[in-house]
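A.B. asks: Dropping the structure in here first, questions after.
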Amino acid sequence: ALVKNSKFSEATNLIEDVIDTYPNNSFNIASLFARILCEELPKGDNHAFLDSKILKNPNNLVWSLVKCKLYSYEQKYDKSKKIIEESSQFMNMLEFQRELAFCYESTYDIDKAMTLYNLIIEKNPNDEFALFGRGQIYITKREYDLAINEYTVYWQTNNP
């Protein structure tokens, strides 16, 4: 609502507070903020803004995730992949694994995407993002029965 009313600094401050308060929900928050940066806020240099946040607090990895998500929304998947692949810390974190798998999927490197989605699901059997992504890959491969099975699991997870 703040963004829609052109109260960008207030929206940014609110999201910063949410990120600092709820770091465990970082994937959803990062996705939301990156989408707002990409579609709603004045274009400016959003990456410079994120870089300043990362430098200010390098231990808060949510800002790095926002940067990766922003590159994905801008369809600069290679830049997002590079940030994640070059950091062993990011490669071992679920949020960054999800983002990397999505980047692989988006650049049609479906074997790498499938491997990463399988790894995520192995560790977290009900991970909605990975189940949905793996289902998308099954559709791409024209393995419709497997896709239906995947979406059934996804549906049952969301509608117990």
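A.B. asks: Rounded to a whole number, what % of the accessible area of the chain do carbon and sulfur atoms account for, probe 1.4 Å?
C.D. replies: For the chain, the apolar C and S fraction of the accessible surface comes to 51 percent.
A.B. asks: Over the chain, with a Gaussian network built from C-alpha contacts below 10 Å, which listed residue (Thr21, Thr12, Thr140) shows the highest mean-square fluctuation?
C.D. replies: Maximum fluctuation in the GNM of the chain, among the listed residues, is at Thr21.
A.B. asks: Further question: Scan [x] 235; [y] 171; [z] 129 for the value of volume of the Cα convex hull per residue in Å³ calculated from this model and give just the label.
C.D. replies: It is the one labelled [z].
A.B. asks: Of the trypsin sites (Lys or Arg not before Pro) in segment 113-160, which ones lie in a loop per DSSP and count no more than 16 other C-beta atoms within 10 Å?
C.D. replies: Counting only loop positions with at most 16 other Cβ atoms within 10 Å, the trypsin sites (Lys or Arg not before Pro) in segment 113-160 are Lys141, Arg142.
A.B. asks: Say each of Ser106 and Lys123 gets a label point 7 Å from the Cα, pointing the same way as Cα to Cβ; how far apart are those two points in nm?
C.D. replies: Label-label distance for Ser106 and Lys123, simple model: 2.1 nm.
A.B. asks: Please compare each pair in Lys79/Lys112; Lys112/Lys141; Lys56/Lys82 to a cut-off of 20 Å on the Cα-Cα distance and tell me which ones are over it.
C.D. replies: Lys56/Lys82, as the Cα separations exceed 20 Å there.
A.B. asks: On average, how much accessible surface per residue is there in the chain, in Å², for a 1.4 Å probe, leaving out ligands, DNA and RNA?
C.D. replies: 58
A.B. asks: So how strong a dipole does the chain carry about its Cα centre when Lys and Arg Cβ are +1 and Asp and Glu Cβ are -1, to the nearest 20 debye?
C.D. replies: That gives the chain a dipole magnitude of about 260 debye.
A.B. asks: What 222 nm value per residue comes from the helices of the chain, counting each DSSP H run with n ≥ 4 as -39,500 (n - 2.57) and dividing by all residues, nearest 500 deg cm²/dmol?
C.D. replies: -23000 deg cm²/dmol
The values are calculated or read from the model by the stated rules, or taken from the named source; none is laboratory data. Because the structure is a prediction, the values reported are computed rather than measured. So basically every Cβ, Gly included, is an ideal-geometry build from the backbone, and we count neighbours across all protein chains shown. Just the protein is used for accessible areas: all its heavy atoms, side chains included, with ligands, DNA and RNA removed. Shrake-Rupley method; radii C 1.70, N 1.55, O 1.52, S 1.80 Å.
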